[in-house]
Protein chains: 2
Amino acid sequence: MEETTKYTVIGAGHGGKAMAAHLALMGFPTTLYNRTPENVAIIKQRGGIDLESYHGGPRGFGRLALVTSDVAQALAKADVIMVVVPSSAHADVAKVCAPYLRNGQIIVLHPGRTCGAIEFVKVLRDNSCLADVTVAETETLIYASRSDGPAQARIFRIKEAVPLAALPAKRTAQVLEVLAPAYPEFIDGVNVLHTGLNNMGAIFHPVLTLLNAGRIESTHGEFQFYIDGATPSVARVLEAVDRERVTVAAALGIRARTAMEWLKLAYDTNGANLYEAIQNQPGYYGINAPATLHHRYLFEDIPMSLVPIAVLGQRYGVSVRAMDAIIRLACIIHQTDYWRRGRTLDKLGIEQLSVGEITRYVNDGRLD
Amino acid sequence: MEETTKYTVIGAGHGGKAMAAHLALMGFPTTLYNRTPENVAIIKQRGGIDLESYHGGPRGFGRLALVTSDVAQALAKADVIMVVVPSSAHADVAKVCAPYLRNGQIIVLHPGRTCGAIEFVKVLRDNSCLADVTVAETETLIYASRSDGPAQARIFRIKEAVPLAALPAKRTAQVLEVLAPAYPEFIDGVNVLHTGLNNMGAIFHPVLTLLNAGRIESTHGEFQFYIDGATPSVARVLEAVDRERVTVAAALGIRARTAMEWLKLAYDTNGANLYEAIQNQPGYYGINAPATLHHRYLFEDIPMSLVPIAVLGQRYGVSVRAMDAIIRLACIIHQTDYWRRGRTLDKLGIEQLSVGEITRYVNDGRLD
């Protein structure tokens with residue numbers, strides 16, 4: 001019989017703690033790594049994480065094999081490395097891990113946002129990592145979860161079908177097979193352009209945040225983000241940005257889901273237009289807006305989601321003027337240049353590739 | 001003794017009715033023209049307009065010399081034609097008036113927004129108007145006024161120093177002299193690039209409206225437009241757009257007032273930044289937001305104010321990316337192309353001019 005898969009979870013935020021505890025409770029030897037020792041001190045002291053969840057879901061004390069801030073230790077025995085950090089930290093994680101990776105290890109970004117795996121592989125290459133590892137990304141975080149204490153996690157929901165793609169896609173089946181005992185919910189996401197261009201947060205979060213900027217800041221987010229925030233006019237901007245995303249995907253030969261199709265698929269929500277579909281989604285009721293504009297809906301979703309989609313559009317001849325307007329406003333409000341800080345084609349190492357070459361790269365891994 | 005100046009007021013909205021009644025009460029023979037007979041039927045029947053105003057201000061029944069929807073009649077005896085219509089109608093007014101204008105008549109746009117007089121003169125030329133008329137524009141409407149009935153008007157305030165410029169500017173002094181008996185408040189606005197580039201509504205209205213779009217639509221404007229709407233982040237966008245406007249002016253050799261300087265000048269308001277200056281302006285308290293996004297703050301201020309400033313910037317090498325973002329969002333929300341509908345350089349007839357040539361044109365009137 002094969003040995004049980006050993007997991008290392010990188011990141012001890014809401015998602016990382018839930019995942020580490022859940023994996024441990026499922027019986028997998030699990031290591032938890034966090035760069036900052038203070039963030040995992042209490043987990044280390046207790047030896048694990050208390051997990052609660054929805055009725056019938058996983059619960060109990062997830063005893064961890066190791067809790068560490070030493071990356072060499074964290075990676076030494078891992079078969080699978082689960083990266084559960086904000087996507088703006090993916091490049092740093094890759095850099096830190098590069099010297100310690102071994103042949104055969106699998107790295108999964110939860111989620112990749114847009115072009116996460118491509119960026120991760122590029123940073124490994126730039127840091128002289130010669131190990132034959134497989135980097136994969138999911139389309140969304142499998143958990144809806146929250147951590148209410150230093151060694152606590154609570155899972156609200158485990159999503160049922162989460163697309164995952166390896167880079168190259170020819171290794172996706174193998175990754176799914178390794179993960180299946182823990183996560184039968186992962187399904188074939190085709191390739192990392194698919195998972196990255198089906199990033200719905202890229203559309204919803206920045207547009208809703210910016211076209212409600214004054215209200216967020218003057219009420220500290222005391223209104224329903226989707227229900228009050230997605231008015232007919234705001235929804236028209238959502239549709240325009242979404243149309244650009246789907247067109248960028250089409251330019252790369254990919255049929256991405258529209259936001260309308262996604263609402264139908266994920267929540268069985270219908271409507272004559274995006275405004276109606278959002279208003280018809282019961283799950284959106286009661287979700288408040290962010291309390292401030294210094295929120296990942298801008299500082300993560302702009303550079304790691306919207307910028308890579310927009311630069312792919314610019315590279316392959318798609319007008320992305322609505323995205324440009326949204327990115328520009330975020331740059332002004334945060335007084336930074338997200339066009340530079342974001343995932344640009346040079347940072348991804350794909351600025352010279354034709355559509356055919358980028359397709360071959362994500363499917364077969366050949367970058368020549 | 002010279003004959004009393006005869007006025008014709010074009011437009012019977014809030015401002016037009018106030019102006020016509022006020023002029024009549026000051027003793028000037030005044031004609032009121034409105035394209036749609038129904039809009040002035042009751043005024044015509046009564047022979048004038050009831051004017052009320054602030055304590056000590058003008059009041060009484062302003063008996064009009066003529067109320068008409070016949071433009072030939074309206075213009076026949078006029079010395080001065082006061083155009084008090086939304087700036088989006090300026091081109092139409094010019095077209096309608098072109099055949100009936102006579103040498104020596106003065107036309108004043110209240111206000112021109114940006115490039116109003118330039119557009120007016122271009123439309124007259126395109127419609128074969130050979131009369132030697134003088135077109136001028138003001139920087140803002142001299143009245144704060146409101147009409148609460150078909151033949152009623154109420155003036156809240158008459159502004160104290162309103163810049164006015166003729167096209168060409170060498171005729172400004174002559175226009176001011178003709179207007180002075182009625183309006184000593186008008187002062188020399190240097191030239192029509194000055195008046196047009198000091199258009200503060202171009203900055204405040206679209207940015208505040210769009211970055212509060214969701215709130216306007218979901219509350220029907222039930223919040224304080226400036227006080228709640230101009231939060232620190234929204235004010236940063238205001239500052240960015242304002243900086244672009246002032247830079248466009250500088251590229252044309254003009255020192256435009258910044259929004260901060262304007263708040264200081266108009267209201268003696270100070271602050272470390274635009275956010276503070278707006279919050280320190282007592283006059284902004286209690287002013288609610290528009291009840292809908294179908295409002296002149298977008299459908300007038302985008303094409304007639306922000307677009308001409310932006311196209312001047314593009315023509316003379318100024319980055320106007322913040323303006324572009326704002327215009328783009330308005331295009332999406334109103335599902336129209338304001339870049340085409342707005343005052344573009346070809347519509348203004350100045351697309352071939354160098355900075356030197358445009359300066360000579362607005363100052364001396366030579367377009368060759």
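Coordinate-derived values only; no laboratory data. Everything numeric in this text was worked out from a predicted model, so none of it was measured. Reconstructed Cβ throughout: ideal geometry from the backbone, glycine too, with neighbour counts over all protein chains shown.
Near the amide H of residue A:189, under 5 Å away, which other amide H atoms are found, from residues 5 or more places off or on another chain, if H is placed in the peptide plane?
For residue A:189, the qualifying residues are A:164, A:165.
Stokes-Einstein at 20 °C, 1.002 mPa s, Kirkwood radius from Cα pairs: D for chain A in µm² s⁻¹?
Working: Rh = 21.0 Å.
The calculation lands on 102 µm²/s.
For the range B:1-153, take N as its residue count and report Rg(C-alpha) divided by 2.2 N^0.38 Å. Walk me through the numbers before you get to the answer.
Values: Rg = 14.7 Å, N = 153, 2.2 N^0.38 = 14.9 Å.
Compactness ratio reported: 0.99.
One-quarter of the Cα convex hull surface for the range B:71-206, in nm²? Spell out each step's value before the answer.
On the way: hull surface 34.8 nm².
The Cα convex hull of the range B:71-206, projected and averaged over all directions, gives 8.7 nm².
Could you tell me what percent of the DSSP beta bridges with both partners in the protein assembly as shown are antiparallel, to the nearest 5? All intermediate terms of the calculation are to be shown ahead of the outcome.
Values: 26 of 78 bridges.
Just about 35 percent of them are antiparallel.
How do the peptides B:316-329, B:355-368, A:145-158 rank, highest first, by the average count of neighbouring beta carbon atoms within 10 Å per residue? Please list the in-between numbers first.
Values: B:316-329: 21.9, B:355-368: 15.6, A:145-158: 17.9.
Peptide ranking by packing, descending: B:316-329, A:145-158, B:355-368.
If Rh is defined by the Kirkwood formula over all Cα pairs and Rg also comes from Cα, what ratio Rg/Rh do you get for the range B:213-264?
Working: Rg = 14.3 Å, Rh = 12.7 Å.
Rg/Rh for the range B:213-264 comes to 1.13.
Along Cα-to-Cβ, 7 Å out, sits the label point; list in nm, shortest first, how far the one on residue A:156 is from those in the other copies.
List, nearest first: 4.4 nm.
How large is ³J(HN,Hα) for each residue in the range A:50-62, as worked out from phi by the Karplus curve 6.51 cos²θ - 1.76 cosθ + 1.60 (θ = phi - 60°), to whole Hz, x for Gly and Pro?
Per residue, the Karplus-derived 3J(HN,Hα) values read 7, 10, 10, 6, 4, 4, x, x, x, 7, x, 8, x Hz.
Compute a Gaussian network model of chain A, connecting alpha carbons closer than 10 Å, and tell me which residue from A:278, A:332, A:43 fluctuates the most.
A:332
So, in Å, what gap is there between the alpha-carbon centers of the range B:63-88 and the range A:68-125?
Taking the Cα centre of each part, the range B:63-88 and the range A:68-125 sit 74 Å apart.
What does the charge count near residue A:31 come to, summing +1 for each Lys or Arg and -1 for each Asp or Glu among other residues with Cβ under 9 Å from its Cβ? Write down the numbers at each step before the final one.
Working: positive: A:6, A:77; negative: none.
So the surrounding residues net to +2.
log10 I(q)/I(0), Debye, Cα-only the range A:284-368, no solvent, q = 0.19, 0.24 Å⁻¹?
Treating every Cα as an identical point scatterer, log10 I(q)/I(0) equals -0.87, -1.13.
For the protein assembly as shown, take every pair of Cα atoms, bin their distances at 20 Å starting from 0, and report each bin as a whole percent.
The calculated distribution, bin by bin, is 16, 39, 26, 14, 4, 0.
For the modelled label position 7 Å from the Cα of residue B:4 along Cα-to-Cβ, which residues of the range B:56-85 have backbone nitrogen atoms closer than 15 Å?
B:61-66, B:78-80
Got a sec? Charge dipole of chain A, +1 on Cβ for Lys and Arg, -1 for Asp and Glu; which of A:247, A:135, A:274 is way out at the positive end?
A:135
Measuring from label point to label point, each 7 Å out along Cα→Cβ, what is the residue A:360 to residue A:243 span in nm?
3.5 nm
In Å and from the alpha-carbon atoms only, list the Rg and Dmax of the range B:11-74.
11.2, 38
So what is the diffusion coefficient of the range B:138-292 in µm² per second by Stokes-Einstein at 10 °C and 1.306 mPa s, using a Kirkwood Rh over Cα pairs? Kindly include the intermediate steps, with their values, before the conclusion.
Numbers: Rh = 17.2 Å.
Estimated via Stokes-Einstein, D reaches 92 µm²/s.
Cut-off 10 angstrom, C-alpha nodes, Gaussian network model of chain A. Which of A:285, A:183, A:338 fluctuates the most?
Of A:285, A:183, A:338, the Gaussian network model singles out A:285 as fluctuating most.
Once you put a point 7 Å from the Cα of residue A:287 and another 7 Å from the Cα of residue A:222, both along the Cβ direction, what distance in nm separates them?
2.2 nm
Taking every residue in A:206-213, how many Cβ atoms of other protein chains lie within 10 Å of its Cβ, on average?
On the way: counts 0, 2, 1, 1, 9, 10, 6, 13.
Partner-chain Cβ atoms within 10 Å, mean over residues of A:206-213: 5.
So what are the three principal axis dimensions of the range B:60-139 from its Cα atoms, in whole Å, longest to shortest?
The Cα atoms of the range B:60-139 stretch 37, 26, 20 Å along the principal axes, largest first.
Pull up the DSSP beta bridges for the range B:4-80 and report the antiparallel fraction as a percent, rounded to 5.
35 percent
Counting only DSSP beta bridges with both residues in chain B, tell me the antiparallel percent, nearest 5.
Details: 13 of 39 bridges.
Rounded to the nearest five, the antiparallel share is 35 percent.
Rg to Rh for the range A:209-364: what is it, with Cα atoms only and Rh by Kirkwood? Don't jump to the answer; show the numbers that get you there.
On the way: Rg = 16.7 Å, Rh = 16.8 Å.
Across the range A:209-364, the Cα-based Rg/Rh ratio is 0.99.
At each listed q (0.24 Å⁻¹), what is the log10 of I(q)/I(0) that the Debye formula gives for the range B:153-219 modelled as equal alpha-carbon point scatterers?
-1.00
Quick one: label points 7 angstrom along Cα→Cβ at residue B:70, distances to the other copies in nm, smallest first?
Shortest to longest, the spacings are 10.1 nm.
If amide hydrogens are placed 1.01 Å from N in the peptide plane, which non-local residues have theirs closer than 5 Å to the one on residue A:135?
The list, which skips near neighbours in sequence, is A:107, A:167.
Take the range A:229-310, compute every pairwise Cα distance, and split them into 5 Å bins from 0; I just need the percent in each bin.
3, 13, 18, 23, 24, 14, 4, 1
Residues with amide H under 5 Å of residue A:48's amide H, sequence separation 5 or more or different chain, H placed in the peptide plane at 1.01 Å from N; which?
A:64
Let me know the mean shielding of A:329-342 by other chains, meaning the per-residue number of their Cβ atoms within 10 Å of its Cβ.
Values: counts 13, 2, 4, 10, 9, 2, 3, 0, 0, 0, 0, 0, 0, 0.
That average works out to 3.
Tally Lys/Arg at +1 and Asp/Glu at -1 over every other residue whose Cβ is under 11 Å from the Cβ of residue B:93; what's the total? Don't skip to the end; give the middle numbers.
Working: positive: B:35, B:95; negative: B:92, B:119.
Taking every Cβ under 11 Å from that of residue B:93, the sum is 0.
Run the Debye formula on the Cα coordinates of the range B:184-254, all scatterers equal and no solvent, and tell me log10 I(q)/I(0) at q = 0.22 1/Å.
Taken in order of the listed q values, log10 I(q)/I(0) reads -0.91.
Provide the net charge surrounding residue A:191, with neighbours chosen by a C-beta distance below 14 Å and charges set as Lys +1, Arg +1, Asp -1, Glu -1.
On the way: positive: A:170, A:171, A:255, A:360, A:366; negative: A:137, A:139, A:188, A:357, A:364.
Taking every Cβ under 14 Å from that of residue A:191, the sum is 0.
From the square roots a ≥ b ≥ c of the eigenvalues of the alpha-carbon gyration tensor of the range B:114-190, which class results: rounded (a/c under 1.5), prolate (a/b over b/c), or oblate? All intermediate terms of the calculation are to be shown ahead of the outcome.
Working: a/c = 2.31, a/b = 1.47, b/c = 1.57.
Judged from the Cα gyration tensor, the range B:114-190 comes out oblate (a/c at least 1.5, b/c at or above a/b).
Using a 10 Å cut-off around each Cβ of peptide B:232-244, what is the average number of partner chain Cβ atoms that fall inside? Could the numbers behind the result be given before it?
On the way: counts 5, 15, 10, 3, 7, 7, 1, 1, 6, 1, 0, 0, 0.
Neighbouring Cβ atoms belonging to other protein chains average 4 per residue here.
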